[in-house]
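Colleague: One structure coming up, written as structure tokens, with questions to follow.
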Amino acid sequence: MSLALVTAGESHGPALVAIVSGLPAGLRLDRDAIDGDLRRRREGYGRSPRQKFEQDEVEVLAGLRHGVTLGSPLALVIHNKDHANWVWGMSPWPPEGEPAGKGSSVVTLPRPGHADLAGALKFGHDDVRNALERASARQTAVHVAAGAVAKTLLGEIGVTVAGTVLEIGGEVTKEGWQRATEAARADRDTLGGIVEVRADGVPPGLGSYADKSDRLDARLAAALMGIQAVKGVEIGEGFALADKRGSEAHDEIEPDLCRTTNRAGGIEGGITNGEPVVARAAMKPLPTLMRPLRSVDLESGEPGEALVERSDVQAVEALTVVAEAAVAWELARVAKEKFGGDALVDFVAANAAYLERIRWPRKP
Ligand SMILES: Cc1cc2nc3c(=O)[nH]c(=O)nc-3n(C[C@H](O)[C@H](O)[C@H](O)COP(=O)(O)O)c2cc1C
């Protein structure tokens, strides 16, 4: 059975939920590891005060007994603490009583760069909130929880996945990031940046060139581009390769079948080649500006200023965690496709038998 993930939940609704199916039975999950990743997602310079308010913790409703997966769908819930302020505005059923609290007035001024206008037109919403609540990156919390589960599965075959920040607002040092963030905050503006995710211990042979949808580079690109505000993805040296000669662009093969360079980012022909998998994602500056851009009131047709709502100055450090989860999820999915296994021991044994067949790692 292949790994599958379905999620639901609005930013200020009662909760975010995820159903993860296809996990082998016998995988021991660590609640602290999942909550630890949720905490990492909330932290970071430049995030909004909401992140201090939301003490995200995962609740498991199904698929787990005494910390060990049963092989049945795993149901995860993360309650939105902030929902307490939106009980009327985000009530799933017609609310009782007079409008009260946040979300009780209609939003008609879409933010350039957010999903507000395109979503309202597409779904026929008069209240832009009906689009933005699901489009919001709040839903990445539950993807991070699923990613933590994927990392646990990958750990059983010796694969680790980690994300780091490369740039924030064009700055490459931690001091520069903080300075740029504070300057943007003072100007009531926002920033973007670049993150890198690296997976070590990945066996050669994950993914395929058989069809374009099988290619692991394509799958990772879709997984990373699927994250809100990510507008560029590179595998290995990516765009920089276009300016190089072939002799400087490829990774020569040593007697042990390893490489001394990794410009390909561990993927050739859509298949892992045994080197670390390296992917980068570029995030645009966040669209909610405290000094709003020009917009149009969708009700009156009059020019106006875009919606201002509590928002991050930048969320690049958070993106490292979300991107790490996305890469881990896709790698776990492709590993499960290759090694199968209803029970974890079968998954692990299939990986070991495969590595033995290809004699990996090779002795020089
Ligand atoms: C971790 C994370 C946090 C984000 N926080 C905000 C935010 O506070 N304010 C905002 O306007 N956009 C934020 N975004 C980006 C928007 O969700 C995104 O721009 C919007 O959904 C439109 O999608 P698009 O940029 O992919 O077109 C965040 C994105 C991520 C990945």
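Colleague: Tell me, what are the semi-axes, in whole angstrom and largest first, of the equivalent ellipsoid of the range 226-332 as set by the roots of 5 times the Cα gyration tensor eigenvalues?
Modeller: Computed over the range 226-332, the values are 42, 16, 11 Å.
Colleague: What is the angle, in °, between the Cα long axis of helix 140-155 and the longest principal axis of the Cα atoms in the chain? Nearest 10 is fine, range 0 to 90.
Modeller: 10 degrees
Colleague: Same structure, new question: Of the listed peptides 268-275, 211-218, what is their order by residue-averaged count of other C-beta atoms within 10 Å, with the highest listed first?
Modeller: The packing order, highest mean first, is 268-275, 211-218.
Colleague: How much length is gained if the chain between Ser247 and Thr160 is pulled fully straight, taking 0.36 nm per residue apart and subtracting their Cα-Cα distance, in nm to one decimal?
Modeller: Stretched out fully, the Ser247 to Thr160 stretch lengthens by 28.3 nm.
Colleague: Report the FRET efficiency, 1/(1 + (r/R0)^6), for Glu337 and Ala183, where r is their Cβ-Cβ distance and R0 is 45 Å, rounded to 0.05.
Modeller: Once the sixth-power term is evaluated, E becomes 0.45.
Colleague: Let's see if you can work this out: charge +1 on each Lys and Arg Cβ, -1 on each Asp and Glu Cβ, no other charges. What is the dipole magnitude of the range 137-214 about its Cα centre, in debye to the nearest 20?
Modeller: 220 debye
Colleague: Moving on to the next point. Rounded to the nearest whole Å³, what is the per residue volume of the convex hull around the Cα atoms of the chain?
Modeller: Hull volume normalised by residue count: 162 Å³.
Colleague: Indicate the gyration tensor shape class of the range 134-193 (rounded, prolate or oblate), computed on the Cα atoms with a ≥ b ≥ c the square roots of the eigenvalues: a/c under 1.5 is rounded; otherwise a/b larger than b/c is prolate and the rest oblate.
Modeller: oblate
Colleague: What are the residues whose amide H is under 5 Å from the amide H of Gly274, where those residues sit 5 or more places off or on another chain and H is modelled from the backbone?
Modeller: Excluding prolines and chain starts, which carry no amide H, the hits are Gly205.
Colleague: Hey, another quick one. Given R₀ = 25 Å, what would the calculated FRET efficiency be for Ser21 paired with Ala349, taking r from the Cβ atoms and rounding to 0.05?
Modeller: It comes to 0.70.
Colleague: I've got another one for you. To the nearest 20 debye, what charge dipole does the range 11-141 have about its Cα centre, counting +1 at the Cβ of each Lys and Arg and -1 at the Cβ of each Asp and Glu?
Modeller: So the magnitude is around 380 debye.
Colleague: Same structure again: By a straight-distance test (C-alpha under 16 Å), which aspartates and glutamates pair with Lys151 as possible cross-link partners, with residues fewer than eight away in the same chain excluded?
Modeller: Asp30, Asp32, Asp35, Asp37, Asp200, Glu324, Glu330, Glu337
Colleague: What dipole magnitude, in Debye to the nearest 20, does the chain give about its Cα centre under +1 on Lys/Arg Cβ and -1 on Asp/Glu Cβ?
Modeller: 380 debye
Colleague: What number results when the radius of gyration of the range 169-222, computed over Cα atoms, is divided by 2.2 N^0.38 Å?
Modeller: Here the Cα radius of gyration is 1.82 times the empirical estimate.
Colleague: Would you list Ser91, Ser2 from fewest to most Cβ contacts within 10 Å?
Modeller: Lowest count first: Ser2, Ser91.
Colleague: On a full-extension model of 0.36 nm per residue, what is the gain between Ala218 and Thr260, subtracting their alpha-carbon distance, rounded to one decimal in nm?
Modeller: Once the chain is fully extended between Ala218 and Thr260, it gains 12.7 nm.
Colleague: Given the peptides 3-16, 306-319, 345-358, arrange them by the average over their residues of other C-beta atoms within 10 Å, most packed first.
Modeller: 306-319, 3-16, 345-358
Colleague: Further question: From the phi of every residue in the range 63-79, what ³J(HN,Hα) in whole Hz does the Karplus formula 6.51 cos²θ - 1.76 cosθ + 1.60 yield, where θ is phi - 60° and glycine or proline is x?
Modeller: x, 9, 9, 6, x, 10, 5, 9, x, 9, x, 9, 10, 10, 10, 10, 6
Colleague: Here's another thing I want to ask about it. In the Gaussian network model of the chain, springs joining C-alpha atoms below 10 Å, which of Gly71, Gly340, Gly170 carries the largest mean-square fluctuation?
Modeller: In this elastic network of the chain, the residue with the biggest mean-square fluctuation among Gly71, Gly340, Gly170 is Gly170.
Colleague: Lys/Arg Cβ at +1, Asp/Glu Cβ at -1, dipole of the range 259-335 taken about the Cα centre: which of Leu293, Ala326, Ile271 is farthest positive-ward?
Modeller: It is Ile271, whose Cα lies furthest towards the positive end.
Colleague: Moving to a separate point now. Would you calculate the separation in nanometres between label points at Arg65 and Val106, each defined as 7 Å from the Cα along the Cα-to-beta-carbon direction?
Modeller: The answer from the label model is 5.2 nm.
Colleague: So, one more: Counting each DSSP H run of 4 or more residues in the chain as -39500 (n - 2.57), what helix-only mean residue ellipticity at 222 nm follows after dividing by all residues, to the nearest 500 deg cm²/dmol?
Modeller: -9500 deg cm²/dmol
Colleague: Rounded to the nearest 0.05, what FRET efficiency is calculated for Trp360 and Ala84 with R0 set to 45 Å and r the Cβ-Cβ distance?
Modeller: 0.30
Read-outs: derived from the displayed coordinates by stated rules, not from any lab. All values derive from a computational prediction rather than experimental measurement. For neighbour counting, all protein chains shown are included, and Cβ atoms are generated from backbone atoms with ideal geometry for every residue, glycine included.
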